[in-house]
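Visitor: Once you've had a glance at the structure underneath, I'll fire off some questions.
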């Protein structure tokens with residue numbers, strides 16, 4: 001006797017609608033991974049509060065100073081940041097502090113004498129690196145307040161940055177320490193920016209004493 005073949009169940013439109021709207025059939029969207037800010041050192045550093053943001057801002061500013069060869073200023077910032085630095089940044093700060101220490105020591109040993117340092121400062125001045133030149137002039141004066149040439153350099157710097165009062169102040173001291181600086185200043189074209197100041201003229205061409 002023949003057996004009846006099994007008849008497949010009929011799928012109705014209602015069944016299709018139910019299947020398509022069932023919770024199990026809906027594909028859940030996969031959230032995109034969050035981008036994590038990265039520091040200049042290349043390590044991921046999620047910013048979670050204002051204090052951390054401020055620390056990172058100073059940290060990256062100090063790194064830029066390192067790349068600009070401003071090791072003294074960078075060193076000061078790193079030293080201040082280290083006590084409050086989080087574990088993911090502290091090792092990098094220590095590394096930069098060591099780098100700054102090495103470069104500062106190298107710089108201090110690179111000048112055989114203050115006069116050589118003065119020549120270097122003047123070269124910086126001539127290339128428009130005014131603040132770097134100022135640091136070297138001040139370093140010379142820190143070691144010797146009688147270094148008339150350093151005061152003369154500071155006067156040049158002030159003249160080139162159109163600071164007439166400071167120029168006259170520093171040049172007055174340079175002339176007091178070494179009167180020959182008056183003659184040199186008369187011939188120095190770098191003082192052109194302040195040449196029209198009456199006080200500058202009086203300093204270079206004082207009235208003869210009766």
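The numbers here are math on the coordinates, done by the rules we state, and not lab data. Note that the coordinates shown come from a computational prediction; the quantities given were computed from them, not determined experimentally. Ideal geometry is used to build each Cβ from the backbone, glycine not excepted, and the neighbour counts take in all protein chains shown.
Visitor: Assign one of three labels to the range 96-135, namely rounded, prolate or oblate, based on the Cα gyration tensor with a ≥ b ≥ c the square roots of its eigenvalues; rounded applies when a/c is under 1.5, prolate when it is not and a/b is larger than b/c, and oblate otherwise. All intermediate terms of the calculation are to be shown ahead of the outcome.
Guide: Numbers: a/c = 3.51, a/b = 1.50, b/c = 2.34.
Cα axes put the range 96-135 in the oblate bin.
Visitor: A further question follows. Using packing as a proxy for protection, rank 116-122, 68-74 so that the peptide with the highest average count of other Cβ atoms within 10 Å comes first.
Guide: Working: 116-122: 18.3, 68-74: 16.1.
Output ranking for 116-122, 68-74: 116-122, 68-74.
Visitor: Which whole-angstrom value gives the distance between the alpha carbon centres of the range 153-181 and the range 59-110?
Guide: Here the two parts' Cα centres lie 34 Å apart.
Visitor: Please rank 156, 187, 204, fewest neighbouring Cβ atoms within 10 Å first, as an exposure proxy. Mind showing how you got there, number by number?
Guide: Working: 156 24, 187 7, 204 18.
Ascending number of Cβ neighbours within 10 Å: 187, 204, 156.
Visitor: Let me ask another. For a quick check: sort 161, 183 by the number of other beta carbons within 10 angstrom, fewest at the front.
Guide: Working: 161 15, 183 11.
Final ranking by Cβ density, sparse to dense: 183, 161.
Visitor: Treat each spin label as a single point 7 Å out from the Cα along the C-beta direction, and report the residue 112 to residue 73 distance in nm.
Guide: 3.1
Visitor: Moving on to the next point. For each of 162, 100, count neighbouring Cβ atoms within 10 Å of the residue's Cβ, then give the residues from fewest to most. Intermediate values should be presented prior to the final figure.
Guide: Details: 162 10, 100 23.
Ranked by crowding around the Cβ, least crowded first: 162, 100.
Visitor: Further question on the same structure: Once a ≥ b ≥ c are taken as the square roots of the eigenvalues of the Cα gyration tensor of the range 112-210, is the result rounded (a/c under 1.5), prolate (a/b larger than b/c) or oblate (a/b not larger than b/c)? Don't skip to the end; give the middle numbers.
Guide: Numbers: a/c = 2.20, a/b = 1.44, b/c = 1.53.
Here the range 112-210 falls in the oblate category.
Visitor: Using a/c under 1.5 as the rounded threshold, could you call the range 48-156 rounded, prolate or oblate? The axes a ≥ b ≥ c are square roots of the C-alpha gyration tensor eigenvalues, and prolate needs a/b larger than b/c, oblate otherwise.
Guide: On the way: a/c = 2.95, a/b = 2.36, b/c = 1.25.
It is prolate, given that a/c is not under 1.5 and a/b is the larger ratio.
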